[in-house]
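The values are calculated or read from the model by the stated rules, or taken from the named source; none is laboratory data. Computed from a prediction, not measured in an experiment: that's the story for all the values here. Positions of Cβ are backbone-derived with ideal geometry, glycine not excepted, and every protein chain shown enters the neighbour counts.
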Amino acid sequence: MPSLMIRLYGIVQGVGFRPFVSRTADSLGVLGTVANKGSYVEVFAQAPQQTLERFVNILKTDTPQRAVVISADVRQISDTDFKTFEIIQSEKEAGDIFVSPDIATCDKCAAELFDKNDRRYLHPFINCTQCGPRLTILDAMPYDRERTTMKDFPMCPQCEYEYTHSHTRRYDAQPVCCNDCGPQVYIVGSGIRGSEAITLARKSIMDGKIIAVKGIGGFHLCCDACDQEAVSRLRALKNRPQKPFAVMMKNMQTVRRECNVLDGQQEFLTGYQKPILLLEKRDGRLCASVSPDNPTVGVMLPYAPLQMLLFEYPDGVEMTDCLVMTSGNVSGAPICRSDEDALTEIGSYCDLILSHNRRILIRADDSVMDWFDGKPYMIRRSRGFAPLPVMVSKKADLQSLAIGGELKNTFCIGKNELLYLSSYVGDMADIRTVNALKESVGRMQELLEVQPDICVCDMHPRYNTVTVAEETGLPLVKIQHHYAHILSCMAENDYDDKVIGVSFDGTGYGSDATIWGGEILICDTHGFERAGSIKPFSQVGGDASSKEGWRIAVQLIRDGFGDDAQSVCEQLGLCDEKTFKLQSVMADKRVNTVMSTSAGRLFDAVSAILGVRKKSTFEGESSMCLEFAAERFEKSSEGAQPQFSLEILSENGFETLDTTTLVKQLTQSFLDGVQPDRLAYIFHASLADGIVKCCEKLSKKAGIKKAALSGGVFQNKLLLRLAKGGLEAKGFNVLIHGLVPANDGGIALGQAYYALCNNDKN
Ligand code: ZN
Ligand code: ZN
Ligand code: FE
């Protein structure tokens, strides 16, 4: 009988693909085998010619929900003599590997979880072929139970039956388990297990306590989000006065009560990735201190069965439908994933720890997503998304390791045209995060079977990431930070030609050894020319200046007002005479002072001048509040929006955005009594105008009509919208980010893209 060998490439592991093939074969009467080959699924099929054609067609087009077939290789082979259709054990083979991210509990499993007659009634680890943990429990590829932490739990006969029979929903589901054979929940440091542990956790939350809960990719700290006292206590314990907490809500009904949901957002909230989505708040029951002075709140729905049970359990406890769910970590350190971590690191932040004995091998923080122009706009790409690769058209025979940036670190492993951007690792100032980075790099290299030819990192001489890169012993390429941002945006858009890159950011090390951060670069995938920037200013006070916008404000006012600066600073309440003099001396004598073009710091300074925020308690607070002020104004005003003109100063072919004069105008207007919200808007509009003007000038010179907007400042959606709109009005085609963050979480992708595009072997 005619026979085919079919190889299917793509996301075909851990998504129910083999059972799907097997069921399809059974329904059509096709005989043969299906096997996981690590990088692809291999099918041998024997049937009459017409049936084979139908079979292949279904495999390509009618795939399971989470599967993506990227390509199919179908070959006629000599006749076979199969008697059945079977799934055969995995063999390892090299090739492109697609590791599935973790998948949120599916609707069918959620229904069984609360079905009294189901064998898995209230089982905190219920999962199926379509859902459950993947990356976080994976030890090696291919994805099979014995290579996950579920190997610690031998299957009971009933689970084994489901696992091995293709008519069940759990056929070949690697983490399959039940109340008899699965992992168990318990309260750490007590003998309390199972349902008693869940009830105690629920009661504690309703008593206003704070608990730590082990999730899919790490621990969360959790309390009732409608309990002002509990939330305040969590803020005090975590020493986190203002930074918004994410909230897990029971269901969409709760979400609609608390927030405005835009078209398209529900799909992401309820989808299988379940990121935290930033939504506009309504007057609901959430207490204000969940996201103070912030019109939005980060919301997610439960994605693990244990989280569902926290909301709903037959124990008579009257439960809240909004839980604070913030990463269980010390600020800056990686999220805790074991009981030991939780006890030593976050034990003092909580009253009890609800844990379980399924080990987490790879951490995965919750992904955080904003929304721009009807589409997701990623802030933190992690659980549910990592480590799905970004695919580019550029081909190369190269394996690379890109170490990423120092803040919000992610790394990226390049394997030919596939760029595997990792889960979120964290801020490298903390040695625990550095160790987590090294460990994750090792693990991902093993999973993806990569031995890098080259390592890419930042240029900063004092970055811990650069040390990690140097320790690899690999040939090293150092890429300028703001160029890497633009490359990241180019890679995400699969673009490899010339572009005017607007890299507006916090700070990064410039190729002239000064601090950059408000850069206009003419670049392609081989290099860049710094063609323009924000006007350099003095950044006094080292690290403190990145949190204390008033320090930058003082210097900008000195630049703009000269001899009157001291009196202006005093009128604005930025500092007293003594502090002003000290700041001035430090700047003039270059004590603990650097020259900087940072757009992020410029926002902080304007925020301080307009009395919005003099300093930040978390990264980006001052500039975020300035954006909110501007958006408030925009909403309340009608007709043409005001702006000042931002001059572009040209010198020797270099374009400088005259931000000093802009700041002077804003300051003067503020002192004249103009409302700060209005001025906040004018600042955004004028800066966007300056960006457009500068790009136009460069476009005329360089003949480029393509612009790319990247860098952490483009998390600011008002600036993004105004700059993008302005550029498009002038005929530019504008690349922006979507599922890769504009902030430093995207740097590694840019670095890996550079390695791919500059491979000597080509
Ligand atoms: Zn399921
Ligand atoms: Zn079982
Ligand atoms: Fe950056």
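Identify all residues within the stretch 338-380 that are part of a strand (DSSP E or B) and under 23 Å from the mean Cα position of the chain (by Cα); write none if there are none.
First, the residues of the stretch 338-380 that are part of a strand (DSSP E or B): 352-356, 368-372, 375-380.
Hits for the stretch 338-380 are 368, 369, 370, 371, 372, 375, 376, 377, 378, 379, 380.
What's the total number of residues in the stretch 421-434 that are outside any loop (DSSP other than H, G, I, E, B) and either over 27 Å from residue 369 (Cα atoms) or modelled with pLDDT under 95 (or both)? Explain how you work it out, then say what you get.
Here is the first cut: in the stretch 421-434, the residues outside any loop (DSSP other than H, G, I, E, B) are 421, 426, 431-434.
Retained after the next criterion (residues that are either over 27 Å from residue 369 (Cα atoms) or modelled with pLDDT under 95 (or both)): 426, 431-432.
The total comes to 3.
Out of all the residues in the stretch 680-694, is one or more without any contact (Cβ under 8 Å) to a residue 60 or more places away in the chain and within 26 Å of the chain's Cα centre (by Cα)?
Within the stretch 680-694, one or more residues are without any contact (Cβ under 8 Å) to a residue 60 or more places away in the chain and within 26 Å of the chain's Cα centre (by Cα).
In the stretch 398-417, is there at least one residue being closer than 30 Å to residue 260 by Cβ and among the hydroxyl-bearing types (Ser, Thr, Tyr)?
Pass one, the stretch 398-417, residues closer than 30 Å to residue 260 by Cβ: 408.
Within this subset, residues satisfying the condition of being among the hydroxyl-bearing types (Ser, Thr, Tyr) are none.
No - not one qualifying residue is present in the stretch 398-417.
State whether the residues of the stretch 440-459 include one that is within 16 Å of ligand 3 (Cβ to nearest atom), touching a strand residue (DSSP E or B) at 6+ places or on another chain (Cβ under 8 Å) and in a loop (DSSP other than H, G, I, E, B).
First, the residues of the stretch 440-459 that are within 16 Å of ligand 3 (Cβ to nearest atom): 456-459.
The next check asks that each one be touching a strand residue (DSSP E or B) at 6+ places or on another chain (Cβ under 8 Å); those that pass are 456-459.
Next, only the ones that are in a loop (DSSP other than H, G, I, E, B) stay: 459.
The answer is yes; a qualifying residue exists.
Count, please, the residues in the stretch 712-760 that happen to be within 16 Å of ligand 3 (Cβ to nearest atom) and out of contact with any strand residue (DSSP E or B) (no Cβ under 8 Å at 6 or more places or on another chain).
The qualifying residues number 1.
Are any residues in the stretch 407-424 within 16 Å of ligand 3 (Cβ to nearest atom) and buried (at least 24 other Cβ atoms within 10 Å of the Cβ), and if so, which ones?
Passing the criteria: 409, 410, 411, 412, 421, 424.
Looking at residue 22 and the list (1) part of a helix (DSSP H, G or I); (2) buried (at least 18 other Cβ atoms within 10 Å of the Cβ); (3) touching a helix residue (DSSP H, G or I) at 6+ places or on another chain (Cβ under 9 Å), which single condition is not satisfied?
In the conditions (1) part of a helix (DSSP H, G or I); (2) buried (at least 18 other Cβ atoms within 10 Å of the Cβ); (3) touching a helix residue (DSSP H, G or I) at 6+ places or on another chain (Cβ under 9 Å), residue 22 misses (3) alone.
Answer with yes or no whether residue 400 is of a type in the set (Ser, Thr, Tyr), within 28 Å of residue 184 (Cα to Cα) and at pLDDT 95 or above.
Taking the combined requirement at face value, the residue does not satisfy it.
Report, by residue number, each residue of the stretch 488-505 that is in contact with a Leu (Cβ under 8 Å, 6 or more places away or on another chain) and more than 14 Å from residue 732 (Cα to Cα). Before the answer, list the steps.
Start the filter on the stretch 488-505 by keeping residues that are in contact with a Leu (Cβ under 8 Å, 6 or more places away or on another chain), which leaves 488-493, 495, 499-504.
Hits for the stretch 488-505 are 488, 489, 490, 491, 492, 493, 495, 503, 504.
Based on what the data block shows, is residue 635 among the basic types (Lys, Arg), surrounded by fewer than 15 Cβ atoms within 10 Å (Cβ to Cβ) and closer than 19 Å to residue 370 by Cβ?
When the stated conditions are applied, residue 635 passes them.
Do the conditions hold for residue 689, that is, is it away from ligand 1 (no atom under 16 Å from the Cβ), modelled with pLDDT of 95 or more, among the charged types (D, E, K, R) and surrounded by 24 or more Cβ atoms within 10 Å (Cβ to Cβ)?
On the way: away from ligand 1 (no atom under 16 Å from the Cβ): yes; modelled with pLDDT of 95 or more: yes; among the charged types (D, E, K, R): yes; surrounded by 24 or more Cβ atoms within 10 Å (Cβ to Cβ): no.
So residue 689 does not fit the description; no.
Cβ-Cβ under 6 Å, sequence separation 6+ or interchain: first residue in the stretch 135-161 and touching a residue at least 24 places away in the same chain (Cβ under 8 Å) and under 17 Å from residue 103 (Cα atoms), partner assigned to a helix (DSSP H, G or I) and within 16 Å of ligand 1 (Cβ to nearest atom). Which pairs?
148/137; 149/137
Right, residue 133: crowded, with 21+ Cβ neighbours inside 10 Å, more than 26 Å from the chain's Cα centre (by Cα), closer than 30 Å to residue 252 by Cβ and away from ligand 1 (no atom under 11 Å from the Cβ) or not?
Numbers: crowded, with 21+ Cβ neighbours inside 10 Å: yes; more than 26 Å from the chain's Cα centre (by Cα): no; closer than 30 Å to residue 252 by Cβ: yes; away from ligand 1 (no atom under 11 Å from the Cβ): yes.
Answer is no for this residue.
Which one is modelled with the lowest pLDDT among residues in the stretch 137-192 that are polar (S, T, N, Q) and away from ligand 2 (no atom under 11 Å from the Cβ)? Show your work before the answer.
Within the stretch 137-192, the subset polar (S, T, N, Q) is 148-149, 158, 164, 166, 168, 174, 179, 184, 190.
The next check asks that each one be away from ligand 2 (no atom under 11 Å from the Cβ); those that pass are 148-149, 164, 166, 168, 174, 184, 190.
Working: 148: 93, 149: 96, 164: 90, 166: 81, 168: 91, 174: 91, 184: 97, 190: 94.
Checked the stretch 137-192; the qualifying residue modelled with the lowest pLDDT is 166.
Just wondering, is there one or more residues in the stretch 174-185 that are under 33 Å from the mean Cα position of the chain (by Cα), surrounded by fewer than 17 Cβ atoms within 10 Å (Cβ to Cβ) and either part of a loop (DSSP other than H, G, I, E, B) or within 16 Å of ligand 1 (Cβ to nearest atom) (or both)?
yes
Restricting attention to the stretch 149-169, which residues are outside any loop (DSSP other than H, G, I, E, B) and either over 13 Å from residue 183 (Cα atoms) or within 14 Å of ligand 1 (Cβ to nearest atom) (or both)?
First, the residues of the stretch 149-169 that are outside any loop (DSSP other than H, G, I, E, B): 149-152, 157-164.
Across the stretch 149-169, the qualifying residues are 157, 158, 159, 160, 161, 162, 163, 164.
Among the residues of the stretch 579-597, is any within 37 Å of the chain's Cα centre (by Cα), under 22 Å from residue 679 (Cα atoms) and surrounded by 16 or more Cβ atoms within 10 Å (Cβ to Cβ)?
The answer is yes, given that some residue of the stretch 579-597 is within 37 Å of the chain's Cα centre (by Cα), under 22 Å from residue 679 (Cα atoms) and surrounded by 16 or more Cβ atoms within 10 Å (Cβ to Cβ).
Any idea how many residues of the stretch 104-134 are within 16 Å of ligand 2 (Cβ to nearest atom) and free of Cβ contacts under 8 Å to residues at least 40 places away in the same chain?
Taking the stretch 104-134 first, the residues within 16 Å of ligand 2 (Cβ to nearest atom) are 109, 112-113, 118-129, 132.
Right, trim to free of Cβ contacts under 8 Å to residues at least 40 places away in the same chain and you get 112, 118.
The total comes to 2.
Within the stretch 662-679, track down each residue that is charged (D, E, K, R) and either free of Cβ contacts under 8 Å to residues at least 24 places away in the same chain or touching a strand residue (DSSP E or B) at 6+ places or on another chain (Cβ under 8 Å) (or both). Quick ask: steps written out before the conclusion?
Taking the stretch 662-679 first, the residues charged (D, E, K, R) are 664, 672, 677-678.
Across the stretch 662-679, the qualifying residue is only 672.
Which ones in the stretch 245-274 are free of Cβ contacts under 8 Å to residues at least 60 places away in the same chain and touching a helix residue (DSSP H, G or I) at 6+ places or on another chain (Cβ under 7 Å)? Step through it out loud before you land on a result.
Taking the stretch 245-274 first, the residues free of Cβ contacts under 8 Å to residues at least 60 places away in the same chain are 252-253, 255-257, 259-261, 266-267, 269-270.
Across the stretch 245-274, the qualifying residues are 252, 255, 261, 266, 269, 270.
Those residues that are touching a Pro at 6+ places or on another chain (Cβ under 6 Å) and more than 22 Å from residue 598 (Cα to Cα), I need them from the stretch 669-687; list them, please.
Kept after step one, since they are touching a Pro at 6+ places or on another chain (Cβ under 6 Å), are these residues of the stretch 669-687: 682.
Across the stretch 669-687, there are no qualifying residues.
For the stretch 430-484, name all the residues that are of a type in the set (Asp, Glu), touching a residue at least 60 places away in the same chain (Cβ under 8 Å) and within 27 Å of residue 330 (Cβ to Cβ).
Correct list: 430, 458.
Collect the residues in the stretch 484-533 that are among the small types (Gly, Ala, Ser), over 19 Å from residue 651 (Cα atoms), in contact with a Gly (Cβ under 7 Å, 6 or more places away or on another chain) and not in a helix (DSSP H, G or I), keeping them in residue-number order.
503, 506, 508, 517
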